[in-house]
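Presented below is the structure to which this report refers.
The values are calculated or read from the model by the stated rules, or taken from the named source; none is laboratory data. All figures in this text were calculated on a predicted structure; none of them were measured in a lab. Please note: Cβ atoms are built from the backbone with ideal geometry, for glycine as well, and neighbour counts cover all protein chains shown. Quick note on the areas: whole protein, heavy atoms, side chains included, nothing else; ligands and nucleic acids left out. Shrake-Rupley method; radii C 1.70, N 1.55, O 1.52, S 1.80 Å.
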Protein chains: 2
Amino acid sequence: MARKPADQSVSRQDILHAAAHVLQRNGYEATTMKDIAAEVNLTAASLYHHFDNKDALLLAVLEAGIEQILGEIEPIARSSRSSAEKLRRMIAAHIVSLTENTAVGAAMVFEIKSLVSDKSATGNGSKPDAASMIERREAFVARRDQFEDLFRFVVREGIERGEFRAVDVPIFVKTLLGAHNWVGVWYRPEGRLSGPEIADMMADTFLRALRRSHE
Amino acid sequence: MARKPADQSVSRQDILHAAAHVLQRNGYEATTMKDIAAEVNLTAASLYHHFDNKDALLLAVLEAGIEQILGEIEPIARSSRSSAEKLRRMIAAHIVSLTENTAVGAAMVFEIKSLVSDKSATGNGSKPDAASMIERREAFVARRDQFEDLFRFVVREGIERGEFRAVDVPIFVKTLLGAHNWVGVWYRPEGRLSGPEIADMMADTFLRALRRSHE
DNA sequence: AAATTAATCTAATCATGATTAGATTAACAG
DNA sequence: CTGTTAATCTAATCATGATTAGATTAATTT
């Protein structure tokens, strides 16, 4: 314990935020330690004082992102409202998060591929934390799955309750989340519509798609 | 002109297909010339006999992808069917392309960012074809926009004709395309559903979302 | 004020991946 | 056959970006 964040001295959080921005802007592979460092006025080398390596840093961003959204979505999914109301709120929460928590959201989605794939493939007995890093990745993927499950749960529940028409739940949810994720790609704060407005429209679209035929 | 594709000798097309696969699997930045070369049993150096450089090669993949899909979608959009029928067919064509033409489709979507962004930014007076490469990128982006426009056109037309309820067209189309693009990420040939089946379901979802209130 | 630790920096070092240079081999033209 | 060009290869070369090593500076503690 030393030094007080008087004015200088970058915090772990500052770095995570910076990294999230760069990540959303450039994507996983194209994000360099230097880019991140620049956003907080540090040199790339200095980042290693805060994080073990690039993967650990970027994974931390994704973890923060997932946790943040799960924290918003889960309570809604478990609440006692109608399935329709829950779904509408979950959609709104996700989209608004995606547009506000810029970093977090966008990063979360598109970079999973880079993370999950190869690396430390077959014979890797080198680095000490290699194992923990693998565990963290798996944990992240698991959380990501949980997130998707919450939507599946609510849609399925709505069908069982007779609130929604019968749809192929997995596909419907993929459709829904694909649309959401894409928002992170095209959304611009200066754009014509605000996050909540976009969220409303998208919720309308999907809730109408779930309406029982008659009406 | 020399040598006949007796059995050996890789064609430009072979390379494009290979590149498309790798591209879809790893993403733009993570795709290496070596990866691509390996898929066609060549060395990375050999690829330069067929393409000027990595960007030119990958851009060629994206170009082929856009042209292929535009070629399918455009005739449908211009046909004289009902807007609903046109939209249904366009959705199906896009999704099936995305699942079959693997490479093409998936690549097309997620890698635009990597292509459009930075590079050859400010002062670049070096390479001879630097200019043409920039033009090609812009042309690609323009084609990508045309693609989106076709969907906007049909949705707008359907609203004007009274076939669809009034929706915010740009947002609705982003929603639609986001859902489509995402298919390229999760679809697996060995999966539970075929491309056409998925396409049907997604078309249902979006066409229902466009239904006029009463019915 | 001295010792200790945090937070940074600059200057290497390393690894990877793109691109180039210089053969080599084989099908083709004449 | 003999010269020419296509298609490849192997062995550099270069550039970039991650990571490490060795100071340096500034709070913190005692």
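Counting only protein heavy atoms and using a 1.4 Å probe, the accessible area of B:D145 comes to about 70 Å². Compared with its chain on its own, the stretch B:175-207 contains the following residues whose accessible area drops by 40 Å² or more in the full protein assembly (probe 1.4 Å; ligands, DNA and RNA excluded): B:T175, B:W182, B:W186, B:R192, B:M201, B:T205.
A Cβ-based charge dipole, computed about the Cα centre of the stretch B:139-181 with Lys and Arg at +1 and Asp and Glu at -1, lands at about 100 debye. For the stretch A:31-72, the share of accessible area belonging to carbon and sulfur comes to 52 percent (1.4 Å probe, ligands and nucleic acids excluded). Computed over the stretch B:133-215, the P(r) tail beyond 20 angstrom holds 47 percent of alpha carbon pairs. Chain A holds its axis-closest Cβ, relative to the rotation onto B, at the residue and whole-Å distance A:E29, 2. Of the listed residues B:T175, B:T32, the order by accessible area with a 1.4 Å probe, largest first, is B:T32, B:T175.
With R₀ set to 41 Å, the beta-carbon distance separating A:S46 from B:S194 gives a calculated FRET efficiency near 0.20.
Using the beta-carbon distance between A:R143 and B:L70 and R0 = 56 Å, what value does 1/(1 + (r/R0)^6) give for FRET efficiency, to the nearest 0.05? Please list the in-between numbers first.
On the way: r = 38 Å, r/R0 = 0.68.
It comes to 0.90.
The largest accessible area among B:H49, A:H94 belongs to the first residue in B:H49, A:H94, and the rest follow in falling order (1.4 Å probe, all chains).
At the nearest 100 Å², what buried accessible area, both sides summed, do you get for A and B when the probe is 1.4 Å? Before the final figure, lay out the partial values.
Numbers: alone 11900 and 11920 Å², together 20850 Å².
Its buried surface, counting both partners, is about 3000 Å².
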